[in-house]
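The values are calculated or read from the model by the stated rules, or taken from the named source; none is laboratory data. Not measured: the values here are computed from a predicted model. Note that each Cβ is placed from the backbone with ideal geometry, even for glycine, and that neighbours are counted across all protein chains shown.
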Amino acid sequence: MIDFLQIVGRNFFRFLKHCGQYALLLIDILRSLRHFSIRWNLVAQQIVFMGVNSLPVVILTGSCIGAVFASQIHLKFSELGMGSGVGPVVAYAMCRELGPIICGLMIAARVGASISTELGSMKTSEQVDALRSMAVYPTDYLVVPRLIALLISMPLLVSFSIFFGIGAGYVISVPVLGVEPAYYINNTLRFTGSQDVGVGLIKSVIFGFVICTICCERGLNCGHGAQGVGKATTEAVVSSTIALLVCNFFITFLLNAWMS
Amino acid sequence: MISLRNIHKTLNGQKVLQGINLEISEGETLVIIGRSGCGKSVTLRHILGLMMPDQGEVLFEGQNLMGLSEIELIPIRQKMGMLFQNGALFDSMSVGENIAFPLREEGKMTEDEIQSAITEALEMVNLGGQQSKMPAELSGGMKKRVSLARATVRKPKLLLYDEPTSGLDPVVSDSINKLILNLDKTLNMTNVVVTHDMRSACEIGDRIVLLHHGKVHFLGTPEEIKSSQDPIVFHFVNGISDASVATE
């Protein structure tokens with residue numbers, strides 16, 4: 001029992017420590033934005049790495065989810081004689097939930113892991129201290145460009161995910177499962193509004209912020225050596241994934257309440 | 001130029017520095033020696049403001065670094081340079097980009113001036129024409145020399161060296177010592193060097209300070225340290241292990 005309490009207590013204090021470090025990083029980001037101009041050349045480099053290079057993965061996962069979801073929905077809807085209803089359901093789900101969440105999870109895995117590993121390696125090999133010794137503010141050089149790049153990239157990536165998800169849903173429903181194209185398109189356009197896309201884009205920006213800040217925090221506060229970097233990377237991906245799902249829950253309720 | 005006054009620092013429950021007092025004059029080369037874990041590198045990090053003391057003051061040109069934020073430390077750090085133990089070169093940048101980094105950050109030079117400064121800095125450390133290589137392609141000694149070129153390219157007033165010759169063969173170590181002496185002559189910098197290497201310490205140091213148990217145990221010229229009969233100094237200078245000293 002005492003052992004159990006010790007484990008719970010230790011993990012609780014570790015969680016509090018991470019929260020404190022996260023809050024300090026957020027303050028540091030605000031301080032950096034106030035005192036330094038944005039390094040747009042680094043932002044552009046990061047957009048290429050985080051955005052452009054992530055496109056194939058995001059398109060592939062978005063398409064797969066759209067296709068599979070359309071197939072599953074069609075299975076039940078066709079029993080009810082509502083085959084043409086697959087289109088709006090797929091579009092609605094892709095815009096509001098599946099597009100942002102699947103894209104967010106892929107970015108947390110691909111970009112988040114890379115951010116925490118890179119910053120962690122820089123910290124353990126004293127490169128972060130070298131930046132400080134050369135009168136460079138590490139948050140300004142390492143965190144802010146990545147954050148801005150991901151805030152710009154995420155809405156675009158989610159848009160691609162939604163577009164290709166809906167497109168894959170159409171390909172599965174119309175040519176493969178035989179849904180009437182005119183009804184499919186008409187119902188999709190009728191029941192999917194710009195506010196559905198807006199919800200997805202709002203979520204994408206928040207997810208980008210959450211992924212980048214959590215992964216930067218873990219990387220910059222990683223332990224010593226290869227083990228420390230590995231642990232930080234695992235924690236970064238797990239924490240950002242959980243944070244993303246929890247955030248999604250609250251954002252969904254808030255946006256639904258706001259829009260209803 | 002630098003004053004360390006009653007510096008105390010505890011790391012992970014261990015008292016690393018226990019009241020360090022040091023005065024470093026402009027233009028001098030001070031060598032800090034001592035056994036592993038005695039607080040040499042931690043002292044160096046306090047001078048650069050990479051660490052803040054739990055107690056005491058660090059003064060650079062009369063300005064107390066204690067309590068300054070990272071942003072307030074930026075103009076002070078622009079007057080300093082540091083050679084890190086493992087070079088700390090940015091592995092995503094080439095040798096030339098590493099050396100150009102502090103100049104580009106400073107933003108006072110044109111690209112042509114930066115290119116000629118890179119060439120000059122690399123020639124100074126006998127690595128002319130290596131600017132396009134990546135750090136992963138360099139040997140340990142070459143990395144240290146590139147790091148030295150990067151630290152000096154901005155011609156700082158104060159240069160800090162963290163174990164510049166550790167892990168290098170005697171020939172490369174000697175070349176690094178000569179480089180430090182040469183820089184001292186040509187740029188008239190103030191140097192603080194942390195090392196284990198007694199030969200190197202005597203060759204480059206104007207004064208040598210021996211840290212023991214987080215305190216200044218001995219401070220004097222190379223001649224004075226060589227002739228000291230203090231048991232701790234004697235054992236360290238001559239590389240003799242002594243159980244009674246070790247467990248003191």
Screening A:Val143, A:Val136 for residues that are out of contact with any Gly (no Cβ under 7 Å at 6 or more places or on another chain), outside any helix (DSSP H, G or I) and within 30 Å of B:Gln78 (Cβ to Cβ) leaves only A:Val136
Taking the range B:70-84 and the residues there that are surrounded by fewer than 24 Cβ atoms within 10 Å (Cβ to Cβ) and within 17 Å of B:Thr152 (Cβ to Cβ), the one that is farthest from the other protein chains (Cβ to nearest Cβ) would be B:Lys79
Hand me the list of helices (runs of 4 or more DSSP H) wholly inside the range A:1-94 holding 3 or more residues that are out of contact with any Ser or Thr (no Cβ under 9 Å at 6 or more places or on another chain) and within 30 Å of A:Val171 (Cβ to Cβ). A:55-79
When you look at A:Val179, is it over 30 Å from A:His35 (Cβ atoms) and within 16 Å of the chain's Cα centre (by Cα), yes or no? no
Looking at (1) at pLDDT 90 or above; (2) more than 14 Å from chain A (Cβ to nearest Cβ), which is the one condition that is false for B:Cys38? (1)
Looking only at the range B:165-218, how many residues end up being over 20 Å from B:Gly141 (Cβ atoms) and among the β-branched types (Val, Ile, Thr)? 6
Can you tell me which of (1) within 22 Å of the chain's Cα centre (by Cα); (2) over 30 Å from B:Asn12 (Cβ atoms) is the one A:Val229 doesn't meet? (2)
Contact list, first residue from the range A:115-141 and more than 8 Å from chain B (Cβ to nearest Cβ), second anywhere and of a type in the set (Phe, Trp, Tyr), beta-carbon distance below 7 Å, six or more apart or interchain, is A:Leu131/A:Tyr141; A:Asp140/A:Phe36
If you check every pair at least six apart or on different chains, which have Cβ atoms under 6 Å apart with a residue in the range B:1-28 that is under 21 Å from B:Gly205 (Cβ atoms) and outside the structural domain of B:Ala201 (by TED's automatic domain parsing) first and a residue that is assigned to a strand (DSSP E or B) and of a type in the set (Asp, Glu) second? B:Ser3/B:Glu23
Residues in the range B:44-69 that are surrounded by fewer than 18 Cβ atoms within 10 Å (Cβ to Cβ) and away from chain A (no Cβ under 14 Å): how many? 10
